[in-house]
1. Evaluate the following for Thr367: is it buried (at least 17 other Cβ atoms within 10 Å of the Cβ), in contact (Cβ under 8 Å) with a residue 12 or more places away in the chain and in the same structural domain as Asp278 (by TED's automatic domain parsing)?
2. Under the condition of being of a type in the set (Ser, Thr, Tyr) and either within 20 Å of the chain's Cα centre (by Cα) or assigned to a loop (DSSP other than H, G, I, E, B) (or both), which residue from the stretch 226-258 is surrounded by the fewest Cβ atoms within 10 Å (Cβ to Cβ)?
3. State the number of residues belonging to the stretch 102-149 that are surrounded by 15 or more Cβ atoms within 10 Å (Cβ to Cβ), among the polar types (S, T, N, Q) and either closer than 21 Å to Phe345 by Cβ or more than 24 Å from the chain's Cα centre (by Cα) (or both).
4. Would you point out the residue of the stretch 99-116, among those that are of a type outside the set (Asp, Glu) and part of a helix (DSSP H, G or I), that is farthest from Asp200 (Cα to Cα)?
5. Please enumerate the residues belonging to the stretch 1-21 that are more than 16 Å from the chain's Cα centre (by Cα) and not in a loop (DSSP other than H, G, I, E, B).
6. Taking the stretch 44-79, which residues are touching a residue at least 60 places away in the same chain (Cβ under 8 Å), aliphatic (A, V, I, L, M) and in contact with a Gly (Cβ under 6 Å, 6 or more places away or on another chain)?
7. So Gly251 passes all but one of these: (1) under 30 Å from Arg477 (Cβ atoms); (2) out of contact with any Phe, Trp or Tyr (no Cβ under 7 Å at 6 or more places or on another chain); (3) modelled with pLDDT of 95 or more. Which condition number does it fail?
Amino acid sequence: MRHYLGIDIGTFESKGVIVDEKGRIVASASKPHRMLVPRPGWAEHRPKQDWWGDFTFISRKMLAESGIAPETIRAVGTSAIGPCMLPVDGEGEALSNAALYGVDTRAATEIEELDAAIGPERILDRCGNALTSQSVGPKILWLKKNRPDIFRKAARIVTSTTYLVQKLTGKCVIDHYSAANFSPLYLIDRQGWSTELAPDIIEPERLPRVTWTTDIAGEVTARAALATGLAKGTPVIAGTIDAAAEALSVGVVRPGDMMVMYGSTIFTIMLSRKRIADARLWHAPWLFPGEHASMAGLATSGTLTHWFRDLAARELGPDQAFAKLAKEAEASPPGAKGLVMLPYFSGERTPIHDAKAKGAIFGLNLTHSRGDLYRALLEGIACGTNHIVETYREIGEMPKKLLAVGGGTRNRVWSQATSDVSGLAQTVCAKTVGASYGDAFLAALAVGDVKKKEIRDWNPEARRIVPDRGNRAVYRRQYRIFRQLYERNRDLMAELS
């Protein structure tokens, strides 16, 4: 029997699966961890504990509980949150906590400086992306300016998946999809590192070697085998960012397919036949040569549900609290009795790219309940998701098929509101495990045991979420107020910053 192991490191939890050659999950495990917020606008992980510690725990747990012989695992795939910024020494050991993806907005000043020096139009043209809180280049510059001792010691600056692969194999690599987030250091036309736009940030040799996602980065070393329980010599792919693996896991393989990932953030990926160049969205080479991806993402989504749970339902355990809140939200009518929430609790990423944006709860009165507030929160995230969809509509690149994935698909109010606000149906596949399942499929693909289109055999469609036409009027009003609430208060939000 052939097996494939996939492990993904998320914002709040890591998950792993072992999959057989038919795509059946034969083992799974997970481990929670925390996101650190040492200062407003900062978001960090501890790589040794939260990334490598989770990986080794999950790998050993799955092998021990399933009884699967490590030698039957044909290849290992891994993904992680990204893009992150992590300085490491010559042995690949972390020199500090990792600055996370776009939810970490510490480099706002550096973004302004680089935009002024290079020009936003030139950056978009050469890099495929405007500089935003998602960009790693400005965060490296922040490190250089604010932590010069760590910057000098750093042999390389890496992202999360690179760190894991290096711990497993000793090789320091990054896939093109992840590297494209290192603007202005990765040029889309060259598909590689360059100091042409920004010669003073960092030398290219201090960045990982760029390769494709399913390229074999190396093999599990003896040291890593001891830590993980895997067999020495097992092939390890270069891997990618979690959202990309998650998109593949639900069959995003054709131009026009769009994943909507309900996770700690809402993240969308749409495949296209050509590059989509729009400063409000992100672009990257897809996981395979010659293919293109266009991305968008909110800053706080599932993260916001955790915040509300801890604030308003702390008397209950985590699982009980979410169940109770979901029930109360269902009891509140569509439109949450006139409440509108802006989910910009850590600035916002696409499409407004405003690190100074603030969260807001608008329309409160003495009749509102906890359930109304929670429903308004979920509907606010749905409105933010529709803002992304409308951006694609404006540039003539509407998605042909929405494939929903992630834990939020189990939240009926959240997923239904997303379809109701956007007017688009969503498809949910049989397996909603997410990125770790995609990692296992990528591992099988890398060693030639499957073809790309077979992911739809591994994970067939299970159900559809169809818009409720009866809610169209109320959500049209809610969305209009949602958009105007930000536009009319943007200057005041900036003043608070």
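1. Working: buried (at least 17 other Cβ atoms within 10 Å of the Cβ): no; in contact (Cβ under 8 Å) with a residue 12 or more places away in the chain: yes; in the same structural domain as Asp278 (by TED's automatic domain parsing): yes.
No; evaluated as a whole, the condition is false for this residue.
2. Step one: list which residues in the stretch 226-258 are of a type in the set (Ser, Thr, Tyr), which gives 228, 234, 240, 249.
Restricting the remaining residues to those that are either within 20 Å of the chain's Cα centre (by Cα) or assigned to a loop (DSSP other than H, G, I, E, B) (or both) gives 234, 240, 249.
Numbers: Thr234: 21, Thr240: 32, Ser249: 32.
Within the stretch 226-258, the match that is surrounded by the fewest Cβ atoms within 10 Å (Cβ to Cβ) is Thr234.
3. Number satisfying all stated conditions: 5.
4. Initial filter on the stretch 99-116 (of a type outside the set (Asp, Glu)): 99-103, 105-109, 111, 114, 116.
Restricting the remaining residues to those that are part of a helix (DSSP H, G or I) gives 108-109, 111, 114, 116.
Numbers: Ala108: 18, Thr109: 16, Ile111: 14, Leu114: 11, Ala116: 14 Å.
Among those that are of a type outside the set (Asp, Glu) and part of a helix (DSSP H, G or I), it is Ala108.
5. Initially, the stretch 1-21 is screened for residues more than 16 Å from the chain's Cα centre (by Cα), giving 1-6, 16-21.
Scanning the stretch 1-21 gives His3, Tyr4, Leu5, Gly6, Gly16, Val17, Ile18, Val19, Asp20.
6. Leu63
7. Going through the list (1) under 30 Å from Arg477 (Cβ atoms); (2) out of contact with any Phe, Trp or Tyr (no Cβ under 7 Å at 6 or more places or on another chain); (3) modelled with pLDDT of 95 or more, Gly251 breaks only (1).
Residues checked against (1) aliphatic (A, V, I, L, M); (2) modelled with pLDDT of 95 or more; (3) more than 20 Å from the chain's Cα centre (by Cα):
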| residue | (1), (2), (3) |
| --- | --- |
| Ser30 | no, yes, no |
| Pro40 | no, no, yes |
| Arg46 | no, yes, no |
| Trp52 | no, yes, no |
| Phe57 | no, yes, yes |
| Glu65 | no, yes, yes |
| Arg74 | no, yes, yes |
| Leu86 | yes, yes, no |
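The values are calculated or read from the model by the stated rules, or taken from the named source; none is laboratory data. The model shown is predicted, which means the values in this text are computed figures rather than measured ones. Cβ sites come from the backbone with ideal geometry, for glycine too, and all protein chains shown count toward neighbours.
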